[in-house]
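Undergrad: My structure is below; once you've seen it, I'll send some questions.
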Amino acid sequence: MSELLHTLAEHVYTHQRSAEEMDKLTIEHPELTVDDAYEIQRLALELYHKAGDPLIGWKMGLTSKAKQRSVGVDEPIFGRLTRSMELHEGVLPLAGLIHPRVEPEMAFVIKRRLEGLVTPRDVWAATECVMPALEVIDSRYRNFSFTLVDVVADNASSARFLLADQAYSPYHTAWDEVGVVMRQNGDVVQTGAGAAILGHPVRSVVQLVHMLSRHGLAVEPGMVILAGGITEAVHVHPGDTLEIDFDGLGTLRLAVTEA
Ligand code: 0L1
Ligand code: MG
């Protein structure tokens with residue numbers, strides 16, 4: 001099995017780097033378990049690391065009831081964020097992506113190691129700051145169609161992310177009550193609130209730490225955590241402009257370009 005997981009991790013990594021669509025792994029390997037999928041994700045991350053692209057954080061996916069229903073699960077999933085996934089300005093070149101979608105998120109930056117059965121209080125005490133953020137998800141599977149095992153193996157569709165310039169104290173506001181409006185080319189396309197992330201984004205970080213612990217992993221100081229999507233993700237195309245207004249906390253802007 002170990003050899004198969006290595007082979008599949010290389011296969012997934014190659015498709016992530018080349019932005020070529022692939023078939024669901026579970027078509028040829030229906031026997032794969034969710035634990036196997038997390039091992040494929042981990043092994044693919046080793047290939048990123050070898051290529052000079054280290055782990056800088058974690059993302060939580062399927063954190064809203066609607067998304068969980070669409071994949072037929074009742075638990076979120078996690079993925080790994082590498083340095084090359086971070087955008088440093090509000091421009092998204094589509095080169096290297098297949099069928100990207102964008103969703104508003106909240107990001108936690110952690111200053112103290114988090115592991116084990118932590119509580120929200122532990123998370124707040126370990127949080128340096130919270131920032132408005134957006135995530136670009138891009139499944140490598142044809143038609144964005146996958147099972148739970150497939151999406152976990154494909155690093156929870158991680159592709160790119162952008163953090164706001166302004167960071168806030170974790171105690172600045174009630175993060176579950178922050179309203180978000182997303183405009184695409186001037187039209188309102190999505191609205192939501194922080195509570196869409198498991199009721200409160202801090203719960204997502206708690207759950208991430210619990211899930212990582214089951215794999216013998218922890219959140220290290222300096223890491224970024226994308227807590228989850230606040231609205232549905234929207235498809236983007238060359239020439240699009242996105243404006244995501246986080247009520248009272250500023251606006252994230254993204255211009256989508258061909259290359
Ligand atoms: O960030 C997310 O919630 C996405 C998780 C993977 C499912 C998808 O690609 O829609
Ligand atoms: Mg997300």
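Undergrad: When the chain is modelled as a GNM with alpha-carbon springs shorter than 10 Å, which of LEU212, LEU45, LEU117 fluctuates the most?
TA: Greatest mean-square fluctuation among the candidates belongs to LEU117.
Undergrad: Now a separate question. Could you identify which residue out of GLY222, GLY239, GLY61 has the top mean-square fluctuation in a GNM of the chain using Cα springs shorter than 10 Å?
TA: GLY239
Undergrad: Any idea of the accessible area per residue across region 53-94, 1.4 Å probe, to the nearest Å²?
TA: Accessible surface, normalised per residue, equals 42 Å².
Undergrad: Round to the nearest 0.05 the FRET efficiency obtained for THR33 and VAL234 when R0 = 35 Å and r is the Cβ-Cβ distance.
TA: 0.60
Undergrad: For the chain, just the Cα set please: Rg and Dmax, both in angstrom.
TA: Cα radius of gyration and Dmax of the chain are 17.2, 51 Å respectively.
Undergrad: For region 69-174, state which GluC sites (Glu not before Pro) are in a DSSP loop and have at most 11 other beta carbons lying within 10 Å of their beta carbon.
TA: GLU89
Undergrad: Further question: Just to be sure I understand the model, the point goes 7 Å from the Cα along the line to the Cβ. What's the resulting HIS6 to TRP124 distance in nm?
TA: Using points 7 Å along Cα→Cβ, the separation is 4.7 nm.
Undergrad: Here's another thing I want to ask about it. Which value in nm describes the separation of the simple spin-label points at GLU115 and ALA259, placed 7 Å from the Cα toward the beta carbon?
TA: Between GLU115 and ALA259, the label points sit 4.6 nm apart.
Undergrad: Which lysines have a Cα lying under 16 Å from the Cα of LYS67, excluding residues fewer than 8 positions away in the same chain?
TA: Filter leaves LYS59.
Undergrad: Right, here's the next one. Please work out, to two decimal places, the log10 of the ratio I(q)/I(0) at q = 0.17, 0.23 Å⁻¹ from a Debye calculation in which every Cα of region 92-157 carries one identical scatterer.
TA: For region 92-157, the Cα-only Debye profile gives -0.81, -0.96.
Undergrad: Given the rule -39500 (n - 2.57) for each run of at least 4 DSSP H residues, summed and divided by the residues of the chain, what is its mean residue ellipticity at 222 nm, to the nearest 500 deg cm²/dmol?
TA: Taken over the chain, the calculation gives -8000 deg cm²/dmol.
Undergrad: I would also like to ask the following. Restrict the search to region 7-74; then list the GluC sites (Glu not before Pro) that DSSP places in a loop and that have at most 16 other Cβ atoms within 10 Å of their Cβ.
TA: GLU20, GLU21, GLU31
Undergrad: Could I ask something else about it? Probe radius 1.4 Å, ligands and nucleic acids ignored: give me the carbon and sulfur share of the accessible area of region 98-164 as a rounded percent.
TA: 49 percent
Undergrad: State, in angstrom, two size descriptors of region 62-104 derived from its alpha carbons: Rg to one decimal place and Dmax to the nearest whole number.
TA: Just the Cα atoms of region 62-104 yield Rg and Dmax of 13.5, 35 Å.
Undergrad: So if each residue of separation counts as 0.36 nm, and I subtract the Cα-Cα distance between SER70 and HIS172, what length gain in nm does that give?
TA: 33.4 nm
The values are calculated or read from the model by the stated rules, or taken from the named source; none is laboratory data. As the structure is a computational prediction, the values presented were derived from the model and not from experiment. Note that each Cβ is placed from the backbone with ideal geometry, even for glycine, and that neighbours are counted across all protein chains shown. Side chains are part of the model used for accessible areas, which takes the heavy atoms of the whole protein and leaves out ligands, DNA and RNA. Shrake-Rupley method; radii C 1.70, N 1.55, O 1.52, S 1.80 Å.
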